[in-house]
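Presented below is the structure to which this report refers.
Any read-out appearing in this document is the output of simple, stated calculations on the displayed coordinates, not a laboratory observation. As the structure is a computational prediction, the values presented were derived from the model and not from experiment. Cβ atoms come from the backbone with ideal geometry, glycine included; neighbour counts cover every protein chain shown.
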Amino acid sequence: MSSGNICRICLGHDSLTSIFHKRGLSMLSTQIMSLARVHITPNDGLPSTICTKCITKLDECIEFIRLCERSDVELRLSLENIVKKRKLKAEELCVDEDGSSPARTENEKSPVVDENNCETTSDLHKDVYDKNDKKRRKQQCFTCGKVMSSRFRLKTHLITHTGEKPFSCPHCSKCFSLSQNLKVHMRTHTGEKPLQCSVCGESFAQSAGLAAHRRKHTGQMPYSCVLCPRRFRTVGHLQYHVRRHTGEKNYECDTCNRAFITRSDLKQHMLTHTGDRPHVCSICGIRLTRSSHLKRHIQQIHNSQKANVKVECFKTNEKV
C-alpha cells in the first residue's frame, strides 16, 4: 500500500491534513501517541496525514477521558462529603451540648455508641471502606491516585490540582501552589545550595538536581526512549530527545517566528536579537552569549577546565 495521500489512521483519502499539525501546545501525532501504542515520527516512511473524521474521533476520545476524570473526581468528592457528614452525625450522637448522652426514644433507631471512645458500632462506614482500605484512601489523591504519607501531605498535594498558586516570589513574578516550592525557588535568588554530593562535594539548590548528579557517579540511565535505544539520566533530557523525534516545537520567537523545543532554547535565541552577552570570563573579562562558549574559551585560551567562572547579566558590545 502506498504511503502517499492516505490517512495514517483509517487509510482513507478524504480531507487530509498533516498529522504533525500543532493544536494548542501539542501536535496531533503527540496526542495520538499518548492514547495508542504507536510511534509517529517525521520521515518514518509511513503516511504523514490524517483525515478530519479521525481528528473528530481523536477529539471525542480525549473528551471522553476528560469526562471520566471529571466525573470520578466529582463522585469521589461527593462520597467523601457523605462520609464526613455521617461522621459528624455519629459524633453528635456521642455527646450533647451539656456533655451528657442525648435521650432516645424506644422507636428511635440510633446506632450503638461505645461510651469510652465515642465511636459508633453501626454500619455507617462499613458500607464505604473496610478499616484498612479506608485509612489508605484517606491518604490517596482522588485526582491522580498518588498515595501520600499523611493527611497533611495529601491536603497540600491537592492544591497542585486546583491551579491555585497563593505563594508568590517577592523577587520575581513566579507563583507557587506550595510554600515549600517557593522556599526552594528562593534559592535561585539567594544562591543558597544546601544539598551536597557525598562523592565529589558539589552543591545543589534542589534535591532533583542532586539526584540527577548522583547518576553521573553511578552511571544510572533510568529514562529510556520508546522510539530508539537511547537512555537518559533525567526525565527532562528524555523529553527534549523525544521532541527531536516528533519535531514538536512549542516555544516561538515573537521577533522572527522561529520555534524551539524548550523555553531555554528560546531564551538563548533571544540573545541574538538583544545583543546581550551575559557570560563573562573571570580571567580576561571577555563576554559571550552561551555558557558552553565560555567553557570552551577557558579550556582553549586559558588552558584551565576548573577556572573560577563568573557569570554576570548586563549588556556589552564586545564581540568574539
(request) For residue 181 paired with residue 5, estimate the spin-label separation in nm (one decimal), with each label point 7 Å from Cα along the Cα-to-Cβ line. (result) 4.8
(request) First check a/c for the range 230-306, with a ≥ b ≥ c the square roots of the eigenvalues of its C-alpha gyration tensor; if it is under 1.5, answer rounded, and if not, answer prolate when a/b is larger than b/c or oblate otherwise. (result) oblate
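For 9, 283, what's the fewest-to-most ordering of other Cβ within 10 Å of each Cβ? Don't jump to the answer; show the numbers that get you there.
Values: 9 21, 283 15.
The order, fewest Cβ neighbours first, is 283, 9.
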(request) First check a/c for the range 211-274, with a ≥ b ≥ c the square roots of the eigenvalues of its C-alpha gyration tensor; if it is under 1.5, answer rounded, and if not, answer prolate when a/b is larger than b/c or oblate otherwise. (result) oblate
(message) If I stretch the segment between residue 18 and residue 161 completely, what's the gain in nm (0.36 nm per residue apart, minus their alpha carbon distance), one decimal?
(response) 48.2 nm
(request) Order by neighbour count: 286, 298, 50, 159, fewest other Cβ atoms within 10 Å first, most last. (result) 159, 286, 298, 50
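Would you mind checking the pairs 57/174; 89/155; 174/249 and listing those with alpha carbons more than 27 angstrom apart?
Values: 57/174 38 Å; 89/155 23 Å; 174/249 23 Å.
With Cα atoms farther than 27 Å apart: 57/174.
Check each of the GluC sites (Glu not before Pro) in the range 1-82 and keep only those in coil by DSSP with at most 13 other C-beta atoms within 10 angstrom; list them in order.
Of the GluC sites (Glu not before Pro), not one in the loops of the range 1-82 has a Cβ with at most 13 other Cβ atoms within 10 Å.
The range 131-192: Rg/Rh from Cα coordinates, Kirkwood Rh? Don't jump to the answer; show the numbers that get you there.
Working: Rg = 14.7 Å, Rh = 13.1 Å.
Rounded to two decimals, Rg/Rh equals 1.12.
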